[in-house]
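**Q** My questions will all concern the structure given below.
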Amino acid sequence: MIETREFGRTGHQSSRVLFGAAGIGRASQDEADAVLQILLEFGVNHIDTAAAYGDSELRIAPWMVQHRADFFLATKTGDRTGPEARASLERSLQRLGVDQVDLIQLHNLVEEDEWATAHGPGGAVEALAKAREEGLVRFIGVTGHGLRIPRMHLRSLERFDFDSVLFPFNYALLQNPTYRADVESLLEVASAGNVATQTIKSMARRRWEDQSEPHRSWYEPIDDGAPVGRAVRFVLSQPQLFLNSSSDTRLLRSTLEAASAGGPAPSDEEMEADVAAMNMAPIFDDRLERI
């Protein structure tokens with residue numbers, strides 16, 4: 001079973017591995033239901049989906065009929081104005097078949113103009129705070145991708161008391177000294193405010209070199225046994241962090257097995273050996289920031 005820890009100030013004991021539900025956005029209901037069985041097997045009790053994840057919310061809805069009390073349910077909106085964000089939240093509630101979600105997150109809030117709109121008068125932050133007062137959502141978070149996002153999260157936390165943040169975190173990315181310093185600053189502020197810290201892209205190996213066929217994630221994931229375990233332990237060895245599973249659901253079981261096994265943090269020498277052996281490279285750089 002997966003270890004649980006308190007998810008920031010929410011009071012919820014969330015599994016250290018959160019189910020990143022982007023992976024069921026294009027799945028059939030039978031395929032999605034098979035994923036649920038894996039979550040129940042390992043004690044994963046936190047689902048992270050989004051309005052933009054295809055049919056993900058629709059695939060989760062049948063699970064909520066019997067299992068709503070078993071999961072901390074989070075979704076996201078990519079809208080920046082108040083009316084649009086409110087409409088997005090209401091649509092997500094309908095698609096999920098629930099009256100309330102535990103967490104609504106502003107999805108990938110990184111561009112300056114979008115940030116200003118979301119935080120300004122009549123913006124998404126104001127609307128979601130009102131929705132929280134009305135009981136449609138319990139907590140509010142902010143997410144993001146790319147090298148700029150830790151700094152943007154720090155700005156967001158200065159402007160509004162978010163309950164959670166989400167950002168990329170893996171060994172290759174943290175070899176960028178500027179990014180690492182920004183992450184460390186964010187973690188310090190989040191710890192002081194008891195803000196939940198979620199990580200993504202922990203299983204990223206590099207960008208795909210072969211684009212000749214469709215892939216289940218936009219980056220090539222780590223899919224070899226021992227490196228999977230080290231990538232998972234690299235994140236979970238920091239007790240403040242939660243790990244969102246890959247959008248490639250074929251990696252879900254191996255990720256959860258590695259998390260269940262536990263163990264010490266891998267050494268720098270072990271991680272450097274994986275980087276060399278697997279030709280790993282950062283999936284974000286200063287020239288291009290992919291979602």
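The values are calculated or read from the model by the stated rules, or taken from the named source; none is laboratory data. Keep in mind it's a predicted model, so treat the numbers as computed, not measured. In this analysis, Cβ positions are derived from the backbone assuming ideal geometry, glycine residues included, and neighbour counts consider all displayed protein chains. What goes into the accessible areas is simple: the full protein's heavy atoms, side chains included, and nothing from ligands, DNA or RNA. Shrake-Rupley method; radii C 1.70, N 1.55, O 1.52, S 1.80 Å.
**Q** Looking at Arg59, is it more than 30 Å from Glu84 (Cα to Cα) and crowded, with 17+ Cβ neighbours inside 10 Å? Quick ask: steps written out before the conclusion?
**A** Details: more than 30 Å from Glu84 (Cα to Cα): no; crowded, with 17+ Cβ neighbours inside 10 Å: yes.
When the stated conditions are applied, Arg59 does not pass them.
**Q** Another question about this same structure. It is to be established whether one or more residues within the range 136-151 are surrounded by fewer than 20 Cβ atoms within 10 Å (Cβ to Cβ), in a helix (DSSP H, G or I) and without any contact (Cβ under 8 Å) to a residue 40 or more places away in the chain.
**A** yes
**Q** Select from the range 180-208 the residues that are buried (at least 20 other Cβ atoms within 10 Å of the Cβ), at negative phi and either small (Gly, Ala, Ser) or touching a residue at least 40 places away in the same chain (Cβ under 8 Å) (or both) and list them in ascending order.
**A** In the first step, residues of the range 180-208 are kept if they are buried (at least 20 other Cβ atoms within 10 Å of the Cβ); the result is 182-183, 186, 190, 195-205.
Checking which are at negative phi leaves us with 182-183, 186, 190, 195-200, 202-205.
Of everything in the range 180-208, those that are buried (at least 20 other Cβ atoms within 10 Å of the Cβ), at negative phi and either small (Gly, Ala, Ser) or touching a residue at least 40 places away in the same chain (Cβ under 8 Å) (or both) turn out to be Ala190, Val195, Ala196, Thr197, Gln198, Thr199, Ile200, Ser202, Met203, Ala204, Arg205.
**Q** What is the one condition in (1) out of contact with any strand residue (DSSP E or B) (no Cβ under 6 Å at 6 or more places or on another chain); (2) in contact (Cβ under 8 Å) with a residue 40 or more places away in the chain; (3) in a strand (DSSP E or B) that Phe167 does not satisfy?
**A** It is condition (2) that Phe167 fails.
**Q** Would you pick out the residues in the range 250-264 that are surrounded by fewer than 23 Cβ atoms within 10 Å (Cβ to Cβ) and either under 18 Å from Asp48 (Cβ atoms) or among the basic types (Lys, Arg) (or both)?
**A** The answer is Arg250, Leu251, Leu252, Arg253.
**Q** Against the condition farther than 18 Å from Leu166 by Cβ and either assigned to a strand (DSSP E or B) or at pLDDT 95 or above (or both), how does Ala129 come out, does it pass?
**A** Numbers: farther than 18 Å from Leu166 by Cβ: yes; either assigned to a strand (DSSP E or B) or at pLDDT 95 or above (or both): yes.
Yes.
**Q** Let me ask something additional. Looking only at the range 88-122, count every residue that is assigned to a helix (DSSP H, G or I), hydrophobic (A, V, I, L, M, F, W, C) and open to solvent by less than 10 Å² (accessible area, probe 1.4 Å) and tell me the total. Steps first, answer last, please.
**A** Within the range 88-122, the subset assigned to a helix (DSSP H, G or I) is 88-96, 112-119.
Narrowing the set further to residues that are hydrophobic (A, V, I, L, M, F, W, C) leaves 89, 93, 96, 115-116, 118.
With open to solvent by less than 10 Å² (accessible area, probe 1.4 Å) added as a condition, the list becomes 89, 96, 118.
The total comes to 3.
**Q** Taking the condition open to solvent by 20 Å² or more (accessible area, probe 1.4 Å), assigned to a loop (DSSP other than H, G, I, E, B), touching a helix residue (DSSP H, G or I) at 6+ places or on another chain (Cβ under 8 Å) and touching a residue at least 12 places away in the same chain (Cβ under 8 Å), does Asp33 pass?
**A** Values: open to solvent by 20 Å² or more (accessible area, probe 1.4 Å): yes; assigned to a loop (DSSP other than H, G, I, E, B): no; touching a helix residue (DSSP H, G or I) at 6+ places or on another chain (Cβ under 8 Å): yes; touching a residue at least 12 places away in the same chain (Cβ under 8 Å): yes.
So Asp33 does not fit the description; no.
**Q** Take the conditions free of Cβ contacts under 8 Å to residues at least 60 places away in the same chain and of a type in the set (Asp, Glu) and apply them to Glu57. Does it pass? Please lay out each step first, then the result.
**A** Details: free of Cβ contacts under 8 Å to residues at least 60 places away in the same chain: yes; of a type in the set (Asp, Glu): yes.
Criteria met by Glu57.
**Q** May I ask you to say which residue of Ala85, Ala74, Ala50 is modelled with pLDDT of 95 or more, part of a loop (DSSP other than H, G, I, E, B) and open to solvent by less than 40 Å² (accessible area, probe 1.4 Å)?
**A** On the way: Ala85 fails: part of a loop (DSSP other than H, G, I, E, B); Ala74 fails: part of a loop (DSSP other than H, G, I, E, B).
Criteria check complete, one pass: Ala50.
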